[in-house]
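First comes the structure, then the notes that go with it.
Only the coordinates and a few stated rules stand behind these numbers; no lab work does. Worth saying up front: this structure is predicted, and the values here are computed from it rather than measured. Ideal geometry is used to build each Cβ from the backbone, glycine not excepted, and the neighbour counts take in all protein chains shown.
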Amino acid sequence: MNKETTMWGKLDNTAHLFPVISTSKTSNVFRQSVSLNDDIDKDILQSAVESTIKCFPGFGVRLKRGLFWYYLEENPKDFPEVREEDDYPCRLIDYKDTNEYLFKVSYYKNRINIELFHVLADGIGCKMFLKALVYYYLNLKHKDVLEMPFDDELTLEREDGFQLCYDKHSDNKSNYSNLRALTLKGRKIQNNGLSVIEGSMSVESIKSLSKKYEASMNEFLVACYAYAIYQTNYGEKKPIIITVPVNLRRFFNSSTTKNFFAMVYATFIPTEGDYSFKEVVDIIKESLRSQINKENFKKTISYNVSNEQANYVKWVPLLIKNLGIKYTYRKAAKASTTTMSNFGAISFHSPYDKYIKKYSGILPMSLGQSIKSTVASYDDLLCITFSSSFRASKVQREFFRLLSSMEVKISVTSNGENNVSL
Amino acid sequence: MYHCKNCGVDVDSEVCPLCHSATKKENDEGILTGYPSVKAKVSKRGIAKKMYLVLALLISFILLAVDLHFSSNLSWSVVCLATIFLGYIIIMHIFLNSLPSVFAKISKSMGALFLYLLFLDWFLKVNSGWSILYAMPILLIIETVINFFFTVINHKNFQNYMIAQLLTTILGIVSFSIGSNFYLSLIAIVLSLLLFLSTLLFGGLKGTSEIKRRFHINPEE
């Protein structure tokens, strides 16, 4: 039956940016994957995806263009066939292939991948969706032994966290970095290809190292990353700025599956001579701690939302607004060297957990950032994945060598795109 | 699994992905899923675009040379160049892009065609003003007729064409006020307005909610 009305919703504050700046080189499509113990059954995965979309209607949408803003509208089309992975990760979503859905599901051997356009959700929202998908999949595959679990982490909430936490009276001055960061350069892979290097290690080993340096795991890994960049760009005086997305849900008591994150900038300026690893850890720790607090995030939210709500922005036609967004984005992109996104410790309910082996993620490239990384852990397995459009893998090599020199046992795999070039 | 002595890591291949040196086989375990080998997909659109560009450049160069050879300044070759450019915009950026709607492709082509005619009018300076006087309202009338056919044929999704109907009406008013032919612009306004109002009237809730969506007014939760 033809429905009289179509459900629709506004984009969240951050999502306005993504449709405007997305190109084949900067797709804003990120991937999260779960590796199971057994190979994936395509038909079961297809049924699981369909069930999950019914459960998460906020993901069964398509992107439409309004006169003043983009918006999301429920997608009446069927979800396309899930496919075996056959392309580089994080490619720009071709709406013809996905029936206008804003995410793709693929599989490879024992791994389920979801690639999601950032308009729809952030890493945490995607994690909720992927967890539900895995529950449905395992439930269909092991019908006799499993029942769908109640997981309080799985929520259908699609509130705009930014609007809810916006305080009109709060200080809304921009706290974005004005520094011009070091830009990493190198020979690129052809046809917008992406090199993926994934290192797996024990969570406990990283935890104990972090303790040794009196840092959190996140601070420690960001410091390792900054040190690897410092070592491979020795002599550069420009600031090494690592963008670290922070989940705002825990600060503002929200459980939305929409985007609800803010960026903090781990900054290390190598102005004086040589720096030891310990010194870099201390600088990064201090930089992150000074930014990760509720007051700072309140200011960021107020600045962003007040800009969105300003009348001079609200009623400007989308076409003109897009030009402004592009200009601002290009300016802001110069303030970051790279990004490290931590999806945190992922858990699955028992008895599902025994079917799951690993959780990982891949980030797409963005303007000025040709290498990025993600961190995710499941059980005692920590997975650090570097994605890069460079042929060489100097930074990745320094990073893993640094950890390995601290007695961390690491297993590395790659998609083979960083082979030696002649 | 293999082991790389230089990097101190276990890897799943004979060559270390980090330092590209040979690795040493340690055992037959292979716990890593890895990634498929991907052959770069060559986009047909990319090839078509490059071929069109090469041909266009070649033809443009010949045309400019011939024009300059036979007359002291550029004249007809500029018109040819503008036509090649129009073809490029329509074929590459409109028909070969990922827009799912055929109607949107046709509408964008009409817009490109109008800009082309506007340029010709300005460049040729023969009876200048015809692009605004006649071309603009005529194109708006054609756009309304096309819109009508799409609305009827794809009547289940009639709401998809409402914003175009509204924009055509607004452009009709603009053409009327900037001095287009009185009768032609009046026909353009009346036809598009009639189409928009009748779609709104017969469309019921589905039509009004489409307008609300496009104008971003109170999303239903």
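Once amide H atoms are built 1.01 Å from N in the peptide plane, which residues 5 or more positions from A:Tyr108, or in another chain, come under 5 Å H to H?
A:Glu85, A:Asn113
May I ask you to sort A:Ser35, B:Ser60, B:Ser77, B:Ser37 by Cβ crowding, counting other Cβ atoms within 10 Å and putting the fewest first?
If I rank by nearby Cβ atoms, fewest first, I get B:Ser37, B:Ser60, B:Ser77, A:Ser35.
Quick one: what are the phi-derived ³J(HN,Hα) couplings along the stretch A:327-341, Karplus 6.51/-1.76/1.60 with θ = phi - 60°, whole Hz, x for glycine and proline?
These are the phi-based 3J(HN,Hα) values: 4, 4, 5, 4, 5, 5, 5, 6, 8, 9, 8, 7, 9, 10, 10 Hz.
Grab the DSSP H runs of chain A that are 4 residues or longer, score each as -39,500 (n - 2.57), total them, divide by all residues and round the 222 nm result to the nearest 500 deg cm²/dmol.
-9500 deg cm²/dmol
Of A:Lys10/B:Lys105; A:Lys278/B:Lys24; A:Lys143/B:Lys156; A:Lys104/A:Lys294; A:Lys326/A:Lys394, which sit over 29 Å apart, Cα to Cα?
Flagged as over cut-off: A:Lys278/B:Lys24; A:Lys143/B:Lys156; A:Lys104/A:Lys294; A:Lys326/A:Lys394.
Calculate one ³J(HN,Hα) per residue across the stretch A:103-115 by plugging θ = phi - 60° into the Karplus curve 6.51 cos²θ - 1.76 cosθ + 1.60, and present them in order as whole Hz with x for glycine and proline.
8, 10, 10, 9, 9, 8, 6, 9, 10, 9, 10, 10, 10
Rg/Rh for chain A to two decimals, with Rh computed the Kirkwood way over all alpha-carbon pairs.
0.95
Do the alpha carbons of any pairs in A:Lys258/A:Lys372; A:Lys207/A:Lys409; A:Lys212/A:Lys237; A:Lys141/A:Lys357; A:Lys25/B:Lys44 sit beyond 19 Å of each other, and which pairs?
Violating the 19 Å Cα-Cα cut-off are A:Lys258/A:Lys372; A:Lys212/A:Lys237.
Could I get the Rg over Rh figure for chain B? Both from C-alpha atoms, Rh via Kirkwood, rounded to two places.
Computed over Cα atoms, the ratio is 1.25.
Taking H as built 1.01 Å from N, whose amide H comes closer than 5 Å to the amide H of A:Asn342, not counting residues under 5 places away?
Sorted by chain and number, the residues that satisfy this are A:Val375.
Can you classify the stretch A:305-422 as rounded, prolate or oblate using the Cα gyration tensor, where a ≥ b ≥ c are the square roots of its eigenvalues, rounded means a/c under 1.5, and otherwise it's prolate if a/b beats b/c and oblate if not?
Because a/c hits 1.5 or more and a/b fails to exceed b/c, the stretch A:305-422 counts as oblate.
With runs of 4+ DSSP H residues as the only contributors, calculate the mean residue ellipticity of chain B at 222 nm using -39,500 (n - 2.57) per run, divided by the residue total and rounded to the nearest 500.
-20500 deg cm²/dmol
Once the mean 1/r over all distinct Cα pairs of the stretch B:126-221 is inverted, what Kirkwood radius in angstroms do you read off?
Every distinct Cα pair counted, the radius reaches 14.0 Å.
Apply the a/c threshold of 1.5 to the C-alpha gyration tensor of the stretch A:1-123 and tell me whether it is rounded, prolate or oblate.
Oblate.
Could you give me the ³J(HN,Hα) list for the stretch A:305-311, computed from phi with Karplus coefficients 6.51, -1.76, 1.60 and θ = phi - 60°, whole Hz, x at Gly and Pro?
6, 5, 5, 5, 8, 4, 4
Name the residues whose placed amide hydrogens come within less than 5 Å of the amide hydrogen of A:Phe261, ignoring near sequence neighbours (fewer than 5 apart) on the same chain.
A:Leu248
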